[in-house]
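What follows is a short report on a single structure.
The values are calculated or read from the model by the stated rules, or taken from the named source; none is laboratory data. No experiment lies behind these values; they were computed from the predicted model shown. Methodologically, a virtual Cβ is constructed for each residue, glycine included, from the backbone with ideal geometry; neighbour enumeration extends over all protein chains shown.
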Amino acid sequence: MAFDLPSTLARFAELNIVVIGDIMLDHYIMGDATRISPEAPVPVVSVARDQYVPGGAANVANNLTGLGVPTTLLGACCDDPESLLLRKVLAERAIRLSPLSQKDGATTIVKTRVVVQRQQLCRIDREAKPAAYALDAALQSPEFLELIQSADAILFSDYAKGVVNEALLQAVRQAIQSCPKPPLLVVDPKPKRHLNLAGMTLMTPNRTEALQMAGFDSSPDADFDDDAVIAAIFQAHNPEKLVITLGAEGMLLGENGQAIGRIQTEAREVFDVSGAGDTVVAVLTAALASGLPLEEAAKLANRAAGIVVSHLGTAPITKAELEISRDIDSALPH
């Protein structure tokens with residue numbers, strides 16, 4: 001990487017980023033399975049331990065705080081036993097949960113993954129209907145206005161669970177109109193929701209989402225023409241910048257209505273891709289907010305994604321891992 005990593009990380013500590021989206025609690029049941037149940041042809045899992053980590057928008061915030069970025073999380077945090085666990089894991093990671101997040105009448109979104117010998121056996125989801133998580137009642141409050149106007153970047157982490165909706169997007173647009181220096185607006189989109197995403201600084205769809213946003217065939221075997229996809233997305237949604245994540249094929253970058261080119265993946269060993277997209281959008285947001293150009297920001301995000309997929313389960317990037325990765329590269333012959 002051509003830029004100075006220590007200086008970039010130092011600038012991260014001076015930022016104020018607000019993550020708005022669907023807050024989840026990721027629950028991992030770790031164990032072993034050595035026999036089949038006599039009740040049904042399914043494995044019997046002997047539980048060794050339970051692990052709870054931030055999920056969804058909370059994992060995006062977790063990646064930011066792992067990089068030393070002061071981060072506030074806004075979403076729906078409910079009044080149930082699971083929310084106590086969620087608040088605990090957020091506090092342990094120095095993630096500030098906005099008081100506006102308090103919601104009544106819904107359940108905390110929990111994704112429980114049963115993992116046996118480093119392999120995910122199944123996932124169990126608990127959640128309410130999307131309407132239960134909308135923040136509409138808080139959008140006209142002075143506290144919401146202050147939160148938005150004091151941010152260097154607003155990152156919308158949309159998992160299609162109900163927090164990111166038209167009312168929220170419109171409220172944010174109105175709030176930043178009077179800012180001397182408006183914050184960056186970044187969205188990890190869900191095209192099936194057909195939200196008005198006009199005015200975004202950066203969009204970070206994956207391959208399927210990019211094809212959907214472009215209005216093209218998004219089936220797994222569909223053709224992907226870089227220039228055509230980029231042009232169609234810019235025409236339809238007009239973001240300033242675009243980063244399309246392509247899994248093992250790296251990233252495709254676009255700016256000013258045109259494709260810049262691809263960055264190849266840096267993953268050396270892949271154990272679990274859970275949360276890799278959260279890492280990418282978090283690092284991109286912090287890097288752009290600290291003044292890096294798009295290509296350098298994408299290289300840093302690509303490096304971070306290559307690190308987190310080597311971990312089992314949802315894991316954030318940290319400053320230490322990026323620094324170690326840089327030192328290893330420096331020591332290798334070129």
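Values as computed for the structure displayed
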{"item": "Residues located in the stretch 195-206, provided they are loosely packed, with under 15 Cβ neighbours inside 10 Å and either over 20 Å from Gln174 (Cα atoms) or touching a His at 6+ places or on another chain (Cβ under 6 Å) (or both)", "result": "none"}
{"item": "Boolean, Ala198 is under 24 Å from Val18 (Cβ atoms), in contact with a Pro (Cβ under 8 Å, 6 or more places away or on another chain) and assigned to a loop (DSSP other than H, G, I, E, B)", "result": "no"}
{"item": "Residue within the stretch 237-257 that is in contact with a Gly (Cβ under 9 Å, 6 or more places away or on another chain), in a helix (DSSP H, G or I) and either small (Gly, Ala, Ser) or modelled with pLDDT of 90 or more (or both) present", "result": "no"}
{"item": "Some residue of the stretch 172-188 being at pLDDT below 95, in contact with a Ser or Thr (Cβ under 6 Å, 6 or more places away or on another chain) and not in a loop (DSSP other than H, G, I, E, B)", "result": "yes"}
{"item": "Any hit, the stretch 96-117, residues being in contact (Cβ under 8 Å) with a residue 60 or more places away in the chain, in contact with a Pro (Cβ under 6 Å, 6 or more places away or on another chain) and not basic (Lys, Arg)", "result": "no"}
{"item": "Failed item in (1) outside any helix (DSSP H, G or I); (2) within 19 Å of Ala128 (Cβ to Cβ); (3) of a type outside the set (A, V, I, L, M, F, W, C), with Arg87 passing the rest", "result": "(1)"}
{"item": "Members of the stretch 45-64 found to be closer than 13 Å to Ile29 by Cα and either exposed (fewer than 13 other Cβ atoms within 10 Å of the Cβ) or touching a Ser or Thr at 6+ places or on another chain (Cβ under 9 Å) (or both), listed by number", "result": "Ser46, Val47, Ala48, Arg49, Asp50, Val53"}
{"item": "Wholly within the stretch 94-170, strands (runs of 3 or more DSSP E) carrying at least 1 residues that are touching a Phe, Trp or Tyr at 6+ places or on another chain (Cβ under 9 Å) and surrounded by 16 or more Cβ atoms within 10 Å (Cβ to Cβ)", "result": "109-116"}
{"item": "Filter result for Leu90 (of a type in the set (A, V, I, L, M, F, W, C) and touching a helix residue (DSSP H, G or I) at 6+ places or on another chain (Cβ under 7 Å))", "result": "yes"}
{"item": "Candidates Gly55, Gly21 - the one that is touching a strand residue (DSSP E or B) at 6+ places or on another chain (Cβ under 9 Å), in contact (Cβ under 8 Å) with a residue 40 or more places away in the chain and over 22 Å from Leu288 (Cβ atoms)", "result": "Gly55"}
